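Some notes on the structure that comes next.
The values are calculated or read from the model by the stated rules, or taken from the named source; none is laboratory data. Remember, predicted model here, so these are calculated numbers, not experimental data. Counting neighbours? That spans all protein chains shown, and the Cβs are built from the backbone with ideal geometry, glycine included. Heavy atoms of the whole protein, side chains included, go into the accessibility calculation; ligands, DNA and RNA do not. Shrake-Rupley method; radii C 1.70, N 1.55, O 1.52, S 1.80 Å.
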Amino acid sequence: MQATTHAPRAADLFHQGLERQAGAALLRFGAARPRPADRISWTADGAAAWLDDARGHVWSVGEPEAAAGLVLRAALALPDRVREFTGPRGTETLVGRHLPVRDIVEWIFRWTLDEPPVQRGEDRVIVLDESHHAEIHAFLTEHSPAHSTGPGSADVSLWAGIRDPDGRLVACGALSSLRDSGAPLMASVATDAAQRGQGLGAALTSWLTRHAVHHHGFCTLWQLADNTPADRLYTRLGYRNEDPCVSARIPAH
């Protein structure tokens, strides 16, 4: 494993060409290529990592052992600033040999450069504006309490939804953005619990993907590793599945 006693240093995250390799799309899309002057980052042979200082979160990509070494370097050098990390699957075990690790979540970073096949019901999707924020909040609270972002978030550029013939909201979702790069990130897609299985989620997801690809050239999303229905849908819509990730918390040490 990489040495962990070196002081953090600013680094060019892209000097290895790592972002072009399978399994490193989080670097390709998640880190801004023009390096912010105040961003702390690290590189090693086969791995790169950078600090989201506002969250105390270290993002890492590459080979698990090298990535874990960078997470450890960051956590030991900046113990008051590093509280969480994300890395390739297996990083949590390697980091856990040296530091306590809690709240482990396995997920997949998925992305596409292509507009998906048109799905039945896409023509029902409408754009929702600020006047609908209270309605969106109530809908997400009822049908997706663990949603990742909500109305009013500064990271969200667009809310969209589907209504039933009576005008009632039956599905909604957002285009948000990745903090470092501003890359489009689909978030908080939810459907009415009583109407699941009718293709509403597929229609909304396809529409949001098409919008992002048309305006930005690509779209990204997070998927929990054990969400089989979502896995099938995203695969059908053309999202790549080659970036298995894990996130965890490092308690104060």
Go through (1) more than 19 Å from residue 142 (Cα to Cα); (2) touching a residue at least 40 places away in the same chain (Cβ under 8 Å) and name the single condition residue 215 misses.
(2)
Restricting to segment 166-182, and then to whatever is of a type outside the set (Ser, Thr, Tyr) and at pLDDT below 95, can you tell me which residue is nearest to residue 33 (Cα to Cα)?
180
Please specify each residue of segment 234-247 satisfying the condition of being in contact with a Gly (Cβ under 8 Å, 6 or more places away or on another chain) and buried (at least 20 other Cβ atoms within 10 Å of the Cβ).
243, 245, 246
Give me the residue from segment 1-14 that is within 13 Å of residue 50 (Cβ to Cβ) and of a type outside the set (A, V, I, L, M, F, W, C) and, out of that set, modelled with the highest pLDDT.
12
Could you grab me the full set of residues in segment 14-65 that are farther than 27 Å from residue 217 by Cα and among the aromatic types (Phe, Trp, Tyr)?
42
All strands (runs of 3 or more DSSP E) inside segment 114-224 with 1 or more residues being among the basic types (Lys, Arg) and surrounded by fewer than 20 Cβ atoms within 10 Å (Cβ to Cβ):
158-163
All but one of (1) over 19 Å from residue 96 (Cβ atoms); (2) not in a helix (DSSP H, G or I) hold for residue 19; state the number of the condition that does not hold.
(2)
Within the set of pairs 6 or more residues apart or between chains, which connect a residue that is farther than 21 Å from residue 242 by Cα inside segment 61-74 to a residue that is among the hydroxyl-bearing types (Ser, Thr, Tyr) and surrounded by fewer than 24 Cβ atoms within 10 Å (Cβ to Cβ) with Cβ atoms less than 7 Å apart?
69/4; 72/4; 73/4
Report every pair of residues separated by at least 6 positions or lying on different chains whose Cβ atoms are under 8 Å apart, first residue within segment 184-197 and closer than 14 Å to residue 147 by Cβ, second among the polar types (S, T, N, Q) and in a helix (DSSP H, G or I).
186/205; 186/209; 189/205
Matching residues in segment 81-106 (within 14 Å of residue 60 (Cα to Cα) and either under 16 Å from the mean Cα position of the chain (by Cα) or not in a loop (DSSP other than H, G, I, E, B) (or both)) number 10
Could you please find all residues in segment 97-113 being in contact with a strand residue (DSSP E or B) (Cβ under 8 Å, 6 or more places away or on another chain) and open to solvent by less than 80 Å² (accessible area, probe 1.4 Å)?
101, 105, 107, 108, 109, 110, 111, 112
Among the residues of segment 73-96 satisfying the criterion of being more than 21 Å from residue 180 (Cα to Cα) and among the hydrophobic types (A, V, I, L, M, F, W, C), which is surrounded by the most Cβ atoms within 10 Å (Cβ to Cβ)?
95
